[in-house]
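As structure tokens, the structure follows; a few thoughts come after it.
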Amino acid sequence: MATYAEMQQIFDDIRGDFRYDHELNGCLNCGICTATCPSAQFYDYSPREIVQLLWTENVEQIYDAMQEKIWACAQCMTCAARCPFKNSPGGLVAIMREVAIKHEMQSAKDVLRPFGRVMLKLITTGNQLSPDMIQPDHFPDWGPNIQKVEGDLRILRKAIPVKTLQTVETAWEVSLKTSVEMYTIWEMTGVLKSLELMDENLFDVIEDFIDEKREDYEEWLEEQEEDDGA
Ligand code: SF4
Ligand code: SF4
């Protein structure tokens, strides 16, 4: 359990985020955001409650909400489109999650742990799913609705103009230059730093992978220069 001073610091970091004043403009307590929130239908979660907690600046309850509730948000931003005050509860949740990571909160680690393989794939290839992976047999946990989408997806796949988005084989085959650019973006935007705070082992695996790709890219560049000079 954090001390009051730590909870206050966490709230100060949330409030200090450059997006905060843009996302929170007051609250009528009208509940429109919660009425339209898909996550509120299934979890003990309410965007109205999050906004009210932040608006009233109750640091202990904000800290409590960061243990579980904020991780229920699907980041769909329906709330932001509907709020008469132009608040963005989803945007505020995004800030709270980033601060939870910065403070290495256990709740953030617990939420992210099952997604290690997904993060590895996303960070190393830039994507996780390609359309041909979405097959009824591969997603039994999606329930009976997955059976309905299979037929339509065949047509949708053909409509996607970018070839690399259509199959696993091509979607996961990323050019060296694009890979290195992606890693630079992950690095400069703080994604890799956040990952290191959350899961050091996964970070080490990804860092080795990135180093290897960068070396391959340097070699490739040298070969190109030699060819150009020849
Ligand atoms: S819709 Fe906006 S004003 Fe209404 S409760 Fe939600 S955040 Fe507050
Ligand atoms: S962004 Fe989050 S809080 Fe807002 S409607 Fe979507 S799930 Fe609900």
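The values are calculated or read from the model by the stated rules, or taken from the named source; none is laboratory data. Quantities reported herein were computed from a predicted structural model and do not represent experimental measurements. When we count neighbours, we look across all protein chains shown, and the Cβ atoms used for this are built from the backbone with ideal geometry, even at glycine. Accessible surface areas use protein heavy atoms only, side chains included; no ligands, DNA or RNA. Shrake-Rupley method; radii C 1.70, N 1.55, O 1.52, S 1.80 Å.
Residues are listed down the side, and each one gets a yes or a no for (1) open to solvent by less than 60 Å² (accessible area, probe 1.4 Å); (2) out of contact with any Cys (no Cβ under 7 Å at 6 or more places or on another chain):
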| residue | (1), (2) |
| --- | --- |
| Arg48 | no, no |
| Thr56 | no, yes |
| Lys86 | no, yes |
| Gly90 | yes, no |
| Arg97 | yes, yes |
| Gly126 | yes, yes |
| Gly143 | yes, yes |
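Could you go through region 37-52 and let me know if any residue there is under 21 Å from Met198 (Cα atoms), within 15 Å of ligand 1 (Cβ to nearest atom) and of a type outside the set (Lys, Arg). Scanning region 37-52, I find no residue that is under 21 Å from Met198 (Cα atoms), within 15 Å of ligand 1 (Cβ to nearest atom) and of a type outside the set (Lys, Arg), so the answer is no. Taking every residue in region 31-51 that is part of a loop (DSSP other than H, G, I, E, B) and pairing it with any residue that is of a type in the set (D, E, K, R), at least 6 positions away or on another chain, the pairs with Cβ-Cβ distances below 6 Å are Gly31/Arg48; Tyr45/Lys69.
Applying a threshold of 6 Å to beta carbon distances and a minimum spacing of six or more residues, or different chains, the list of pairs starting in region 199-213 at a residue that is within 28 Å of Ser107 (Cβ to Cβ) and ending at one that is assigned to a helix (DSSP H, G or I) reads Leu202/Gly116; Phe203/Leu195; Phe203/Glu196; Ile206/Ile123; Phe209/Thr124; Ile210/Tyr183.
Among the residues making up region 8-43, a single one is within 11 Å of ligand 2 (Cβ to nearest atom), within 16 Å of Ala65 (Cβ to Cβ) and open to solvent by 60 Å² or more (accessible area, probe 1.4 Å): Tyr43.
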